[in-house]
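*Asks:* Handing you a structure now.
Just so you know, all these numbers are worked out from the coordinates, no wet-lab data involved. Predicted, not measured: the structure shown is a model, and the values here were computed from it. Heads up, the Cβs are rebuilt from the backbone with ideal geometry, glycines too, and the neighbour counts pull from every protein chain shown.
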Amino acid sequence: MAQFLIYKKTDMNRKTVSDIVDFKGVGIHSGERSCILVHPAEPGEGIKFYLKSIEIPASFEYVSNTVMSTDLEREGVTVKTVEHLLAVFHLLGISDAVVEFLEGFEVPIMDGSGYEFYMMLKDKIVDTGVYIEPIDLRGYVRVGEYGCYIEAHPSVSFEVTYKGNINYIDCGDIFTYKGDDPEDIVKARTFCYLEDVDTILERGYGKGGSTRNVLIIGKEGIHSEEGLRYPDEPLRHKVFDLIGDIYLLGAPIRGKIVSYNGGHSLNIELIKSIVKNLPAVKIL
């Protein structure tokens, strides 16, 4: 069995925001107008979503859907597509905040990346001076099989790699984020293939998608207005999504994660596997 430990004390502090920050837009899948407020929170309160008087902790325990997005549900209330905002919280070290929905139930897609969240929040970080204890990965974990799986290895820092093939464009097949600069990944947009658009819409997803907020890849190349922001933008977005999903552990993790053609479902499986091997650990 893999072994894990929680550090008792680290040089990492809990962080929140200095004041209320609002974001307005459309839900990528619902197509509905969305307005959220990110509020400051007390140290130890964690990340919580608030909709229809229901409080939903940003925890793997409340994940209700991993098809095309990561959704949380409690007492019949769902908040949808939380991964981009959580990824920015993770990258900025925001451990305590309340996300209130004033309109809609899906986190707005903005430009399809985390860049607008990042730019609005990065100068509003408050260090509370209260230590946060990261999960220290001391053993090997693997979920999935064949061509789609994720491995987690011990490491002195948090590192995420995505390895997979992207059709139609020459962008390589691997990207690693080592935590050097969030802007290496926060601009990477969600993407899909042109031939899948009709199917996605028929299944009830992507109602708010457009060439302004989705990187659409086809046989003839990129069909989105802006073109590529990075030469390997799809790979970077996959890493960005994983960083958002893994924050549903409720604390930073110290380890090396390598995803082979993984997605939201495997990301959540990985979290559950880590927690399964932490029977005596309190998840913050």
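*Asks:* What FRET efficiency comes out for the pair residue 42/residue 119, r = Cβ-Cβ distance, R0 = 30 Å, nearest 0.05?
*Replies:* 0.75
*Asks:* If the elastic network links every pair of Cα atoms under 10 Å, which of 253, 216, 200 fluctuates the most in the Gaussian network model of the chain?
*Replies:* 200
*Asks:* What is region 11-133's relative contact order, in percent, from Cα pairs under 8 angstrom and six or more apart in sequence?
*Replies:* Once divided by the residue count of region 11-133, the mean separation gives 40 percent.
*Asks:* Separate question: In nm, to one decimal, how far is the modelled label at residue 53 from the one at residue 148, with both set 7 Å along Cα→Cβ?
*Replies:* In this crude label model, residue 53 to residue 148 measures out at 4.0 nm.
*Asks:* Now, a different point. Could you please tell me the mean projected area of the C-alpha convex hull for region 11-133, averaged over all directions and given in square nanometres to one decimal?
*Replies:* Average of the hull's projected areas for region 11-133 equals 7.2 nm².
*Asks:* Kindly flag which residue pairs out of 80/163; 24/52; 187/238 have an alpha-carbon separation exceeding 20 Å in this structure.
*Replies:* Result: 80/163 exceed 20 Å.
*Asks:* For n ≥ 4 DSSP H runs only, could you compute -39500 (n - 2.57) per run for the chain, divide by its residues and tell me the 222 nm figure to the nearest 500?
*Replies:* Helix-only estimate at 222 nm: -5000 deg cm²/dmol.
*Asks:* Sticking with this structure for a sec: What translational diffusion coefficient, to the nearest whole µm²/s, does region 142-284 have by Stokes-Einstein, given a Kirkwood radius computed over alpha-carbon pairs, a temperature of 37 °C and 0.692 mPa s viscosity?
*Replies:* 201 µm²/s
*Asks:* I want to verify the translational diffusion coefficient of the chain in µm²/s; compute it with Stokes-Einstein, Rh as the Kirkwood radius over Cα pairs, at 20 °C and 1.002 mPa s.
*Replies:* 113 µm²/s
*Asks:* Here is a follow-up. Starting from the Kirkwood Rh over alpha-carbon pairs, what translational D in µm² s⁻¹ does region 52-92 have by Stokes-Einstein at 25 °C and 0.890 mPa s?
*Replies:* The diffusion coefficient I find is 230 µm²/s.
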